[in-house]
Amino acid sequence: MSGAPTAASSGNHSLHLPTPTLDAESQSLLQSISAQGGYAYARMAALAVAGDQSAAEAARDMAWEQLHSGPWHSVLPVWRDAYSMACLHVAKFHFAAGEFGEALGALDMGLIMGGTLLRKDLHDSVLLVSSEARKKAKSLGDFKGEKLVPEVPVDVNEVLKILPLRSLTSGRVDKRSDLSMEGFLRDYFQTGTPVVITNCMAHWPARTKWNHLDYLTSVAGNRTVPVEVGKNYLCSDWKQELVTFSKFLERMRTNRSTSVEPTYLAQHPLFDQINELRDDICIPDYCFVGGGDLQSLNAWFGPAGTVTPLHHDPHHNILAQVVGKKYIRLYPSSLQDELYPYSETMLCNSSQVDLDNIDKNEFPKVVELEFMDCILEEGEMLYIPPKWWHYVRSLTMSFSVSFWWSNEAESSDS
Ligand SMILES: O=C(O)CCC(=O)C(=O)O
Ligand SMILES: [Fe+2]
């Protein structure tokens, strides 16, 4: 390996991506990969530095194979960094050729699947490519001020028809306006009780911006995001796809009038990937109650009719409803047997019960169980205590953000 990677030596574009800039780290990364048996990768990466585009693609494919060679947690972190590095090289060649869409696609894959070492390089490169792409000004579509969710009042009777049995008849979740930190700590956090908090998100830029298709398209249209297609992740026909944000928005608009399976951008750390969208949200102060550490921020964006089946998570959760409405049903964490969790380790936090179509013979205990539920309206946040079971159905086009956090004692438990 002769020196750290530099800008592309081929191509005719006058600008070069500053990738990867971490010369010393890049060198030692390649050494570690060689030490892990990745000689072929290191050779291809060296050829990529020397200007060979197909070597860059080959290096990326090799790292990709390593990322898919076993369960995610068993992948050596060095291979995730190796994947990012190869994505940076591939992007550099596309950029040099003026292929900005392809360059952004490669950088996004590095951000989605890659490690932490070269994240800054990936973000810097995204900025540069995006600004060049804007100069080329290939319009991503003009939605002429169209809103994601038009302001039509929801007919509660119509809504009830599509909700699971006994919805909104059992205990409703408390709704509290302007809830103080002390009130949240005393009445909900310490007692492990869900609550809907109203009047707490008016200052988020997202509240005014994200309902506009033109805005979303201009900040994220040509970015690649992972989406889920199918009824839900427990169904056999469910799959994941990578699409551009524009294509995803277009699919959501057409979904409005058809009965095709919804496409859902679910549980994706979108704000680590797209900085402009990160600037539109605010971390709720409630997340720091109890001395906790934020574990992850995720986006949940999709059309009406997406369903996240009954499951629980190990963390405290504030689910913030930015655009649209969702129906949410909650069962206490103490219920285990009654909700029939799957026995496989991977799915043991999910219930086998399909709340939309309960099989009363197979799951008799669930029928009469008490639960809490609510319709989470735009501008409201729901606190879900750790391990509380939740089922979520979007009633309109919907964009939510979840904030998961734990305090130290809890993180070491889970
Ligand atoms: O909004 C959804 O579809 C599911 C949200 C969820 O499960 C969570 O925030 O933990
Ligand atoms: Fe969840």
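For the chain, give the share of DSSP beta bridges that are antiparallel, in percent and rounded to the nearest 5; count only bridges with both residues there.
The antiparallel proportion sits near 90 percent.
When we measure straight from the Cα of residue 175, which aspartates and glutamates land under 17 angstrom away, once same-chain ones fewer than 8 places off are left out?
Straight-distance partners of residue 175: 187, 373, 377, 378, 380.
Most mobile of 183, 305, 51 per a Gaussian network model of the chain (Cα springs, under 10 Å)?
Of 183, 305, 51, the Gaussian network model singles out 183 as fluctuating most.
Hey, what do the phi angles of the stretch 334-344 turn into as Karplus ³J(HN,Hα) couplings, whole Hz, using 6.51/-1.76/1.60 and θ = phi - 60°, x for Gly and Pro?
Per-residue couplings from phi come out as 5, 7, 10, 4, 5, 10, 6, x, 4, 8, 5 Hz.
What are the residues whose amide H is under 5 Å from the amide H of residue 325, where those residues sit 5 or more places off or on another chain and H is modelled from the backbone?
Here 395, 396 satisfy the definition.
Mind checking the angle between helix 245-255 and the chain's longest principal axis? C-alpha axes, 0 to 90 degrees, to the nearest 10.
The angle comes out at about 40 degrees.
Give me a comma-separated list of calculated 3J(HN,Hα) values for the stretch 152-161, in order, Karplus coefficients 6.51, -1.76, 1.60 applied at θ = phi - 60°, integers in Hz, x for any Gly or Pro.
10, x, 7, 7, 4, 5, 5, 4, 4, 4
Provide the packing ranking of 241-253, 88-100, i.e. peptides ordered by the mean count of other C-beta atoms within 10 Å per residue, highest first.
Packing proxy ranking, top to bottom: 88-100, 241-253.
Between the helical axis of 39-49 and the dominant principal axis of the chain, each derived from Cα atoms, what acute angle in degrees is found, rounded to the nearest 10?
Roughly 70 degrees between the two axes.
What's the ranking of 317-323, 202-208, 219-225 by average number of surrounding C-beta atoms within 10 Å, highest first? Write down the numbers at each step before the final one.
Working: 317-323: 23.3, 202-208: 13.4, 219-225: 20.7.
My ranking of the peptides, most packed first, is 317-323, 219-225, 202-208.
Under 5 Å between amide hydrogens, which residues at least 5 positions from residue 195 or on another chain qualify, with H placed 1.01 Å from N in the peptide plane?
Counting only residues 5 or more places away or on other chains, the set is 383.
I'd like the distance between the alpha-carbon centres of the stretch 272-291 and the stretch 363-403, rounded to an integer number of Å.
When both Cα centres are located, 21 Å separates them.
Would you calculate a helix-derived [θ] at 222 nm for the chain, using -39,500 (n - 2.57) for each DSSP H run of n ≥ 4 and dividing by the full residue count, to the nearest 500?
That comes out to -10000 deg cm²/dmol.
In whole Hz, what ³J(HN,Hα) sequence does the stretch 101-110 give by Karplus (6.51, -1.76, 1.60; θ = phi - 60°), x for Gly and Pro?
So the Karplus estimates, Gly and Pro as x, are x, 5, 4, 5, x, 5, 5, 4, 4, x Hz.
Would you mind checking 147/360; 92/147; 92/209; 136/326; 209/247; 365/387 for any pair whose Cα atoms are more than 30 angstrom apart?
Those over the limit are 147/360; 92/147; 92/209; 136/326.
Amide H to amide H under 5 Å from residue 371: which residues, 5+ apart in sequence or cross-chain, H placed 1.01 Å off N in plane?
Residues meeting the amide H criterion: 171.
Compute the distance from the alpha-carbon center of the stretch 338-354 to that of the stretch 300-334, in whole Å.
So the two Cα centres are separated by 17 Å.
When Lys and Arg each count +1 and Asp and Glu each count -1, what net charge do the other residues less than 13 Å away from residue 393, Cβ to Cβ, add up to? Before the final figure, lay out the partial values.
Details: positive: 161, 231, 325, 326, 329; negative: 354, 356, 373.
Result for the local shell: +2.
I need the shape label for the stretch 287-411. Rule: rounded when a/c is under 1.5, else prolate if a/b > b/c, else oblate, with a, b, c from the alpha carbon gyration tensor.
oblate
Return one number: the angle in degrees, 0 to 90 and rounded to the nearest 10, between the long axis of the Cα atoms of helix 23-35 and the longest principal axis of the Cα atoms of the chain.
Helix 23-35 sits at roughly 80 degrees to that axis.
Once the dipole of the chain is set up with Lys and Arg at +1 and Asp and Glu at -1 on Cβ about the Cα centre, which of 252, 55, 26 lies farthest towards its positive end?
Toward the positive end, the furthest listed residue is 252.
Taken together, the values in this text are just the output of simple stated rules run on the coordinates, not laboratory data. Not measured: the values here are computed from a predicted model. Quick reminder, even Gly has a Cβ in these numbers, built from the backbone with ideal geometry, and neighbours come from all protein chains shown.
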